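The next block holds one structure in the form of structure tokens; read it before the comments.
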Amino acid sequence: MSKQVGFTLLELVIAIAIFALLGLASWTLFDGVVRVQQGSMAHEREFRNLQRAIAVIERDVLHATEQPVVLREAQLQWQRGNWRNPLDLPRSERQALTYRLDNGALWRESQAEGASVVQRKMLLDDVRDLRWRLFDARTGWRSEWSTGPTVTAPLAVEMQVSTGRYPAIRRVMLLPGALR
């Protein structure tokens, strides 16, 4: 009588079923990790874009001149000085800036003093709401502003933006006149 050594069909089916369950569990875990990573990368990208846009605005606010400042309906205009000139071109160091909301995107428009070309750059997309306010020591925060001979220069700029994953971001930036 010969004794056969090996696995029975039932043992093989059970082993394959266990291996399939382990493979399915591993795939589910791997898929979950990949989804979380993609979500965190999208979150990081949106946060980086928001930080970059606010940094550009803060840099412009830091170099804002006193006059003229115009604020109306989610559009802010002012003039900035100390415009970088790395090529040492013959031009003014002043630049007229306009920040506006257009079709869900925050745009920065700049025009050199005396130039006819307007440079337009998108700072942030997926903007749901944008509000600007300017601070005056006599009247407080104002949503409308037009600089004139009797109007004092604003002391601070407030920006409230709602975008993507960030429903309410508020930044208050001091203008150079407030630091005197």
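Points to keep in mind about this one:
- Selection count where residues are modelled with pLDDT under 85, loosely packed, with under 15 Cβ neighbours inside 10 Å and in contact with a strand residue (DSSP E or B) (Cβ under 8 Å, 6 or more places away or on another chain), scope region 165-180: 1
- Restricting Ser110, Ser162, Ser116 to those that are of a type in the set (S, T, N, Q), modelled with pLDDT of 85 or more and over 17 Å from Leu50 (Cα atoms) reduces the list to Ser110.
- Scanning region 48-86 for residues being free of Cβ contacts under 8 Å to residues at least 60 places away in the same chain, in a helix (DSSP H, G or I) and surrounded by fewer than 16 Cβ atoms within 10 Å (Cβ to Cβ) gives a total of 4.
- Checking region 47-58 against the condition returns a match, with at least one residue being of a type in the set (S, T, N, Q) and in contact with a strand residue (DSSP E or B) (Cβ under 7 Å, 6 or more places away or on another chain).
- Failed item in (1) surrounded by 11 or more Cβ atoms within 10 Å (Cβ to Cβ); (2) at pLDDT below 90, with Trp132 passing the rest: (2)
- Extreme residue, modelled with the lowest pLDDT, among residues of region 53-75 that are β-branched (Val, Ile, Thr) and closer than 11 Å to Pro176 by Cβ: Thr65
- If you check Gly6, Gly39 for being free of Cβ contacts under 8 Å to residues at least 60 places away in the same chain and outside any helix (DSSP H, G or I), only one passes: Gly6.
- If the condition is being modelled with pLDDT of 85 or more, among the hydroxyl-bearing types (Ser, Thr, Tyr) and more than 55 Å from the chain's Cα centre (by Cα), then region 1-28 contributes only Thr8.
- Residues of region 119-159 satisfying the condition of being touching a Phe, Trp or Tyr at 6+ places or on another chain (Cβ under 8 Å), aliphatic (A, V, I, L, M), more than 16 Å from Leu50 (Cα to Cα) and touching a residue at least 24 places away in the same chain (Cβ under 8 Å): Leu134, Val157
The values are calculated or read from the model by the stated rules, or taken from the named source; none is laboratory data. Bear in mind that the values here come from a model prediction, so they are computed numbers and not experimental data. Cβ sites come from the backbone with ideal geometry, for glycine too, and all protein chains shown count toward neighbours.
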